[in-house]
1. Quick test of your reading of the structure: B:GLU250 fulfils all but one of (1) farther than 14 Å from B:LEU153 by Cα; (2) part of a loop (DSSP other than H, G, I, E, B). Name the failing condition by number.
2. Which of the helices (runs of 4 or more DSSP H) found entirely inside the range B:150-238 contain at least 2 residues meeting this: more than 9 Å from chain A (Cβ to nearest Cβ) and in contact with a strand residue (DSSP E or B) (Cβ under 9 Å, 6 or more places away or on another chain)?
3. Inspect all residues belonging to the range B:207-220 and state whether any of them is open to solvent by less than 10 Å² (accessible area, probe 1.4 Å), over 18 Å from the mean Cα position of the chain (by Cα) and under 28 Å from B:ILE272 (Cα atoms).
4. Against the condition more than 17 Å from the chain's Cα centre (by Cα), away from ligand 2 (no atom under 13 Å from the Cβ) and within 14 Å of chain B (Cβ to nearest Cβ), how does A:GLU22 come out, does it pass?
5. Name the helices (runs of 4 or more DSSP H) wholly within the range B:1-114 that hold at least 2 residues that are modelled with pLDDT under 95?
6. Looking only at the range A:37-62, how many residues end up being among the hydrophobic types (A, V, I, L, M, F, W, C), more than 9 Å from ligand 1 (Cβ to nearest atom) and over 25 Å from B:VAL199 (Cβ atoms)?
7. Any residue at all in the range A:108-127 that's β-branched (Val, Ile, Thr), out of contact with any strand residue (DSSP E or B) (no Cβ under 7 Å at 6 or more places or on another chain) and open to solvent by 30 Å² or more (accessible area, probe 1.4 Å)?
8. For the range A:5-124, please list each of the helices (runs of 4 or more DSSP H) lying entirely inside it that holds at least 2 residues being β-branched (Val, Ile, Thr) and touching a residue at least 12 places away in the same chain (Cβ under 8 Å).
Amino acid sequence: MSDLNTQAVARYKNNFLKEVEERVEDGHWVKMCMQCGVCAGSCPLGPAWQHSPQKIFMMIRAGKREEVLGSDSMWMCTSCYNCIVRCPRKLPITHIMHGLANYAHRLDLAPKGQPTREIARLFWDNLVKTGRVNELKFSLAMYFKDGFAQGIKNAMAMQGIGLGLMKAKRLNPMEIVGGHKCKDIPGIHKMVAKAREIEDRRRGLA
Amino acid sequence: MAKKQYAFYPGCSSQKGASAANFLTSMNVMTEKLDIQLNEIPDWNCCGASIGYGEGGELPRLVINARNLAIAEKELPGQDMVSGCPACWLATRETHERLAEHSSLLAETNEALKEAGLNLNNTVRARHMTEVLIEDIGWDAMKAPVVKPLDGLKIAGYVGCQTNRPFGIAGESFENPKYLDKMIETVGAEPMAKYEQKVTCCGGALAFSEPEKSQKQIRDIVESAYDSGADMIVTPCQLCQANVEIYQSEINKKHGTKFKMPVVYYTQLMSIAYGGSAADAGLNGQLIKADKLEKIAGK
Ligand code: SF4
Ligand code: SF4
């Protein structure tokens, strides 16, 4: 168990709703859910959600901490915003799903190797490094996330598409040595580090 | 007519040699004809896209978007920000609105921005290019430069998610927005009224991490375009364009389908209708050639 998780368990005891309200993005909205079920049918990857957003909100109130934070359901969110525009109580469901996923990731309770968790991490690292996302380095990092041999296999499987994109000038092989970046990279690094520091302090994760 | 000026936020995917480079090419032709001047925000950074939350959390994500708004506010005063990419637009507009609503978040944001020598008063409106076309330019002015109407082209207008929800275009419904079909008509082509997957999600960033599940979405989107009788799909979204075009060959391999449905941007339709060449419209950037559109361009 991560230290952060041990601390959280000690601090909130059995009050998972309070933990979500204080530490998860837009978590204070959860209590507004009236369990109407509209959001449950809204997710494009619906069958892949073991627990629908509606059910997740119910589980939070029932204190099912491990089941919620260890679930891979939130990681199935495609950010389609169907739920947000339909919810009669105007819950920012998308953001709560993102917030729960982020919190589970920070506490290291999210499923290990969950593919969306992995790409989310790679994407953010890629963006913070230079201020802009380098699609080639990002794709390569993704292919190789499961190790070198699997990486070669993944890259080979997508080779036709990669070559097509290169030919169409939509993937630049030169990005591997340089590519697009911001000028004020040091400023961006300091700024992002500061933002994380402030947020961690506010959420009790520092 | 005096040029309308905007602080322009291109976004990562539209850069040279990136997946939506052809969007930028065609947009430049379109804005030129419509007297829109785009002033690139100096040293802009990535918006975090839809997937930034996993590692980025809330405040770091708001802060990276606030950085672009702060630079625009300082360097291009009085100009609305415009982006061609729905993800960039959504992230920036959400940031603007959340910071306007919560002064404590704005204070925290400014504490972080200070590290990069910036400060935000949060006065800049973040807008999407289609909004600018509809609200600032207007339908008549959009039609005026048409010299090569796209006669006989049957097009499925695929709006997708993020241009449409949660903000969308004022006055449009979330379930059946009409503006893209109207744009198709404006350039002289025929929108497929029976296209059923207009606002279906393409899987977004999960096309990478959950390919099987996302490709099921993409399959529906393409199949329905064929069923509606369309020659091609048009979209305002970079990620939709990439996902729906790129993965057709994968789907064919796995499921024995014979998909070969071109997927273009509305800006490409406009640049051709406004008299631009196939190269002006970035049609050389298609993985699946938009033959019928190229033919009109060559006339
Ligand atoms: S739509 Fe809103 S109120 Fe209804 S179950 Fe979902 S979150 Fe709760
Ligand atoms: S935004 Fe996420 S939670 Fe909401 S409907 Fe779409 S996939 Fe489901």
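The values are calculated or read from the model by the stated rules, or taken from the named source; none is laboratory data. Since the model is a prediction, treat every value here as computed from it, not as a measurement. Neighbour counts are summed over all protein chains in view; Cβ atoms, including those assigned to glycine, are modelled from backbone coordinates with ideal geometry. For accessibility, only protein heavy atoms count, side chains too; no ligands or nucleic acids. Shrake-Rupley method; radii C 1.70, N 1.55, O 1.52, S 1.80 Å.
1. (2)
2. Because the criterion is at least 2 residues that are more than 9 Å from chain A (Cβ to nearest Cβ) and in contact with a strand residue (DSSP E or B) (Cβ under 9 Å, 6 or more places away or on another chain), the helices (runs of 4 or more DSSP H) in the range B:150-238 that meet it are B:179-186, B:211-227.
3. no
4. On the way: more than 17 Å from the chain's Cα centre (by Cα): yes; away from ligand 2 (no atom under 13 Å from the Cβ): yes; within 14 Å of chain B (Cβ to nearest Cβ): yes.
For A:GLU22, the condition - more than 17 Å from the chain's Cα centre (by Cα), away from ligand 2 (no atom under 13 Å from the Cβ) and within 14 Å of chain B (Cβ to nearest Cβ) - is met.
5. Working: elements: B:21-33, B:53-56, B:59-75, B:86-101, B:103-113.
The helices (runs of 4 or more DSSP H) meeting that bar are B:21-33, B:53-56, B:86-101.
6. The qualifying residues number 3.
7. First, the residues of the range A:108-127 that are β-branched (Val, Ile, Thr): A:116, A:119.
From what is left, the residues that are out of contact with any strand residue (DSSP E or B) (no Cβ under 7 Å at 6 or more places or on another chain) are A:116, A:119.
In the following step, the residues that additionally are open to solvent by 30 Å² or more (accessible area, probe 1.4 Å) were identified as none.
Checking the range A:108-127: not a single residue is β-branched (Val, Ile, Thr), out of contact with any strand residue (DSSP E or B) (no Cβ under 7 Å at 6 or more places or on another chain) and open to solvent by 30 Å² or more (accessible area, probe 1.4 Å).
8. Numbers: elements: A:16-23, A:53-61, A:65-69, A:82-86, A:93-106.
Helices (runs of 4 or more DSSP H) meeting the threshold: A:53-61, A:93-106.
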